[in-house]
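Have a look at the structure below before the remarks.
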Amino acid sequence: MGKKTLVRCVIVSRAMLLSSIFAVLWIACGGGGGGGGDGSTPVPSSKVLNWDSPTQFADGGTLDASNDLSFYEIYINETGVFLDNDAPKAAFPAVNISSGAPVTTYDLATITPSLETGRTYYLAMRATEKNGGRSGYTLPPLAFVY
């Protein structure tokens, strides 16, 4: 059975304040192997990032990802420190265009070819509301060995 590493995703409030709620994110790790000695997780064989769609804004209001979110962004670096001016490695719609269902997976294989084998990387995500509000980065960033 695959191992799951949990990460929290910060979603913006309706008032676009920096307050947040958390949705669970994880990378499904297929195959064997344990984490690295530094507490990092080996990159999954499937390289698919999975998360639970958020259901509530920080102010307690109901969040409907299909109606309220525009897109997600994925960031990867070697420091684990993510700044507001960092460029995302990937940006994709929060809603499946064909089905209208919230997107809750992303195949990291499309952005990992530029990573070096054996190095530790950190991954964080952000969400953007349809009105333009952006979340903070996932806390803490997910560490993994590629």
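Annotation: the residues Leu115, Leu139, Leu83, Leu63, sorted from fewest to most other C-beta atoms within 10 Å of their own C-beta, follow the order Leu83, Leu139, Leu115, Leu63. Under the combined filter of DSSP loop state and at most 10 neighbouring Cβ atoms within 10 Å, region 39-120 retains these GluC sites (Glu not before Pro): Glu116.
Coordinate-derived values only; no laboratory data. In this text, all values refer to a predicted model and were calculated from it rather than measured experimentally. Cβ sites come from the backbone with ideal geometry, for glycine too, and all protein chains shown count toward neighbours.
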